Amino acid sequence: ISTVENLLIHNFGDEAVILNMNNEKYYSLNGVGYRMWQVLTSTSTVEEALAELSHEYDVPEEVLRRDLDSFVQNLNSQLLINTHES
């Protein structure tokens, strides 16, 4: 997992705003979204991110997996990250 080039990220406590300089669009992340972003961009795979997040959030793994997969798909569709997984 890697971020695309030309992103500006500014956090406000546990929330963040991302500016994609490639398309000049702003995106906001709430606390959980920002934490998912941090973990996704500091691990090599979605599976590693899932393992780390499962230690932090008290939710069933299938719920966390569904939410994380949805988040990753959304980030990909907004051209904010690149995944190298099939």
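The values are calculated or read from the model by the stated rules, or taken from the named source; none is laboratory data. Computed from a prediction, not measured in an experiment: that's the story for all the values here. In this analysis, Cβ positions are derived from the backbone assuming ideal geometry, glycine residues included, and neighbour counts consider all displayed protein chains. These area figures cover heavy atoms from the full protein model, side chains too; ligands, DNA and RNA do not enter into them. Shrake-Rupley method; radii C 1.70, N 1.55, O 1.52, S 1.80 Å.
Miscellaneous remarks
- Across the chain, C-alpha contacts under 8 Å between residues 6 or more apart give a mean separation that, scaled by the residue count, equals a relative contact order of 31 percent.
- C-alpha long axis of helix 61-77 to longest principal axis of the chain, angle in °: 20 degrees
- Rounded Å value of the spacing that divides the Cα centres of the range 44-86 and the range 1-34: 16 Å
- A 1.4 Å probe run over the protein chains yields, for the chain, 64 Å² of accessible area per residue, whole-number rounding.
- Whole-number percent relative contact order across the range 1-45, with pairs defined as alpha carbons under 8 Å at least 6 apart: 35 percent
- For the chain, the share of accessible area belonging to carbon and sulfur comes to 47 percent (1.4 Å probe, ligands and nucleic acids excluded).
- Exposed GluC sites (Glu not before Pro) absent - longest run of the chain, DSSP non-H/G/I/E/B, at most 13 other C-beta within 10 Å: 25-84
- Ellipticity at 222 nm from helices only: DSSP H runs of n ≥ 4 in the chain, each -39500 (n - 2.57), divided by the residue count, give -14000 deg cm²/dmol.
- Ranking 27, 57 by solvent-accessible area of protein heavy atoms (1.4 Å probe, all protein chains present), from largest to smallest, gives 57, 27.
- q = 0.18, 0.21 Å⁻¹, the chain: log10 I(q)/I(0) [Debye, one scatterer per Cα]: -0.76, -1.02
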